[in-house]
Amino acid sequence: QVQLVESGGGLVQAGGSLRLSCAASGRTFSSYAMGWFLQAPGKEREFVAAISWNGGSTRYADSVKGRFTISRDNDENTMYLQMNSLKPEDTAIYYCATGTIATATSRPNEYKYWGQGTQVTVSS
């Protein structure tokens, strides 16, 4: 049973930083790509960032390029999202996900397993 557990969310002022973590268990973590998605109140879930199985390739949504950095530690079975220069519009529940492919992808339907989410709130 694949399990993903996010942590690191919280309340931060605009311009501040947070680092999200996603701890994975239940299968070979290092074989598959992983991603971060967000869902704001009343909106659909949307792509934030993705990383390939070995960290060699990453993808970002235009809205976070230059501010967010995705990374992974395959020895620790953990993925990270470093979020800098946070804006109020970044407020959402952030989910980590993994699927059955090795390459980084922004397509939600490529992700089979999802965490429970962690709330990020950015105040103005």
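The values are calculated or read from the model by the stated rules, or taken from the named source; none is laboratory data. All figures in this text were calculated on a predicted structure; none of them were measured in a lab. Using ideal geometry, Cβ is built from the backbone for each residue, glycine included, and neighbour counts are taken over all protein chains shown. Protein only, heavy atoms only, side chains kept; ligands, DNA and RNA dropped before computing areas. Shrake-Rupley method; radii C 1.70, N 1.55, O 1.52, S 1.80 Å.
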For this session: Considering every residue within region 11-27, establish whether at least one is outside any strand (DSSP E or B), of a type outside the set (D, E, K, R), free of Cβ contacts under 8 Å to residues at least 60 places away in the same chain and surrounded by fewer than 21 Cβ atoms within 10 Å (Cβ to Cβ).
Result: yes
For this session: Could you please find all residues in region 31-42 being under 16 Å from the mean Cα position of the chain (by Cα) and either open to solvent by 40 Å² or more (accessible area, probe 1.4 Å) or of a type in the set (A, V, I, L, M) (or both)?
Result: Tyr32, Ala33, Met34, Leu38, Gln39, Ala40
Problem set entry | In region 75-89, residue least open to solvent (accessible area, probe 1.4 Å) [restricted to those that are under 14 Å from Ser17 (Cα atoms), assigned to a loop (DSSP other than H, G, I, E, B) and not hydroxyl-bearing (Ser, Thr, Tyr)] | Leu86
Exercise. Of everything in region 43-62 that's over 16 Å from Ile93 (Cβ atoms) and small (Gly, Ala, Ser), which residue is surrounded by the most Cβ atoms within 10 Å (Cβ to Cβ)?
Worked result: Ala50
For this session: Just one of (1) assigned to a loop (DSSP other than H, G, I, E, B); (2) aromatic (Phe, Trp, Tyr); (3) under 13 Å from the mean Cα position of the chain (by Cα) trips up Tyr113, so point out which.
Result: (1)
Problem set entry | Residues within region 90-121 that are out of contact with any Leu (no Cβ under 9 Å at 6 or more places or on another chain), surrounded by 18 or more Cβ atoms within 10 Å (Cβ to Cβ) and among the aliphatic types (A, V, I, L, M), tallied | 1
